[in-house]
Structures are given as structure tokens and as C-alpha cells.
Amino acid sequence: MQNSSDKENLIKNIDYNCDLGQSEDLWENEKILIDYMSSINITCGIHAGNPAVIKKVLDYSRYKNKVIGAHIGFPPGYKFDINNINKEEIEAIVLYQVGAIASFAKSYGLLIEHVRPHGQMYKEAMESSELAIAIAKGISKFSKWLIYYGASCPAIKEAAAVTNINIAQEISLTKNYTEAGIIDLESFDTEDKEKALARLKTLIETSEIDTANDGRTKIEFDTIHFSPNVKDSADLAKEAYTIKVPRPVNYNRAEVSGWI
């Protein structure tokens, strides 16, 4: 029997997101994930993807009635220096990619709702509030209504506070976390599906994530990322969907606010 504090911790609604459109060769396997997601991050043709596969992802996402966003990253060969961040250049890199995918989406009568950094950009923004703020400024220059999807960490929260941009704090079922509730960038992803599903149930029931040394810590999150690069990602997403059917971030927030 649940006590009152258990009910307060219970997560009612959550968003699931994944990155798609990284290459033509991967598309047939990637698209299986779409059925179990509420948000799709589409590559913008810079760090990965090309116009043909972007078109396929947009068309299929529209058919499946999914929320879409831009999946941005550093251009190939870009030399990022965390100790000497060129803020104007970062904003330009972000704005260029967001504009590209938004224009493509417009041709389908679609609007993008969020922006999620890729790979190195995502990881560096966890550790540098300066970079996270520069990314947020680039996003907000395109539209103040876009949501910045970033790791659940202090740097992303600071970016939100400084720029007044909407953020969605993200976690992963397959990453390892430190006792502070931050992704451990030094360790490899887990491929234990049962452990990942148990983590999801705990997150929903208590808002806690398991950490190193068999500990647990409270964590704030709005969305869960499912990487197509993880072994059996489609099976994990399918089973996660049976535990909690996802809904987009904007929908969840509108419901909480009383607009729905």
C-alpha cells in the first residue's frame, strides 16, 4: 500500500525521445523505435544525415503523429576548446542547423518543438554552463518557444535561468550515474535490459535513479532518451512503453498548468 509521500513522488507522465535520420543504411532499423517514442530528434545533415533520409524521417514521423525536434551537433572536424569557447560561433552553428530542419519541416506543414545536442556537444554542455548558455541563446534566437533537451545537470538549469529558455531535463536508462545524479562520462553504457526496465519503474515510483556503489539519488527529469546505438534498443523501448506510455513534454506541461 502506497503512503501519501509515495503518491507525491509518482511520475504521472513522461516523454520518450530518440535520435533518427543518421544515415540511409540505419533508417530501416531506426524507424522501429518511432512507435514507442513521443518525440523524435532529427539530424540536420551536419554531424550526420542527409536531405534524403531527413525527408524520410519527417514524412514517417508525420504519419505516426510524433513531435519532432532538431538533433544538432558540431560540424565534422570542428575543434572545440572548453577553455576558449567562441560563443558567437556556437550560436551560429546552432542557429544554422535549427533553421535547416525547421525549413524542411515547414514544407510538410510541421513545426519543430525542441532541440537536442548530439555527442560531444551534449557532453561538453553538461560540464560547461558557458557552452550550455551559448547553445540556449542560439536556440532562443530562432524561437523562444523551442525546448532545449539536455542532460539533467546544473549547467542546463543555469542556461535556463540565464536565457529564460524552456528546458527538458533528460535521463537515460542505459547510462551510469554518479552519486550526484550526473551521467558518468567515464563508464560504458549498460546493455542489461532488465536492469534498465527496473530503473524505469523506480524512476516512475520514486523519482530516484540508481548510482555507483548501489546507491540511489533523487533526480529531476522530463524526458528519457533511447539511443538506437544501444543493443536491443527497440526491445527496450517496446517494453518501456508497456510500463509507461509516453507523452510529449509540451503536452505534459500544459496538462499540469490546467490548460488541458
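A short reminder: the numbers here are calculations on the coordinates, not readings from a lab. These numbers come from a predicted model, not from an experiment. Quick reminder, even Gly has a Cβ in these numbers, built from the backbone with ideal geometry, and neighbours come from all protein chains shown.
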R0 of 22 Å, Cβ-Cβ distance LYS87-GLU186: FRET efficiency to nearest 0.05: 0.20
The range 66-177: C-alpha pair distances exceeding 16 Å, %: 56
Protection proxy ranking, peptides 31-43, 171-183, 214-226, average beta carbon neighbours within 10 Å, highest first: 31-43, 171-183, 214-226
Coordinate range along principal axes, alpha carbons of the chain, Å, largest first: 52, 42, 40
Share antiparallel - DSSP beta bridges, the chain, percent rounded to 5: 15
Peptide ranges 67-75, 149-157, 81-89 listed from the most packed, as the mean C-beta count within 10 angstrom indicates: 67-75, 149-157, 81-89
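Rounded to the nearest 5, what is the percent of antiparallel bridges among the DSSP beta bridges in the range 1-141? Present the calculation step by step, with values, prior to reporting the outcome.
On the way: 0 of 14 bridges.
The answer is about 0 percent antiparallel.
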Check: the chain dipole with +1 on Lys, Arg Cβ and -1 on Asp, Glu Cβ, in debye: 980
Straight-distance crosslink candidates among lysines, where the alpha carbon sits under 19 Å from LYS201 and sequence neighbours closer than 8 are dropped: LYS7, LYS12, LYS175, LYS193, LYS218, LYS238, LYS244
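Tell me what the chain gives for mean residue ellipticity at 222 nm when only DSSP H runs of n ≥ 4 count, each as -39,500 (n - 2.57), the sum divided by the residue total, rounded to 500 deg cm²/dmol.
Working: 10 runs with 110 residues, N = 260.
Here the helix-only value at 222 nm equals -13000 deg cm²/dmol.
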Set of aspartates and glutamates near LYS137 by C-alpha distance (under 14 Å), chain-local residues within fewer than 8 positions excluded: GLU88, GLU89, GLU91, GLU158
For the range 138-226: Kirkwood Rh in Å [reciprocal of mean 1/r, alpha carbons]: 13.9
Distance from the range 168-216 to the range 55-76 (C-alpha centre basis), Å: 26
Relative packing of peptides 109-120, 185-196 - highest average C-beta neighbours within 10 Å first: 109-120, 185-196
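For the range 195-255, report the convex hull volume of the alpha-carbon atoms normalised per residue, in Å³, without decimals.
105
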The range 170-258 - charge dipole about Cα centre, Lys and Arg +1 at Cβ, Asp and Glu -1, debye rounded to 20: 360
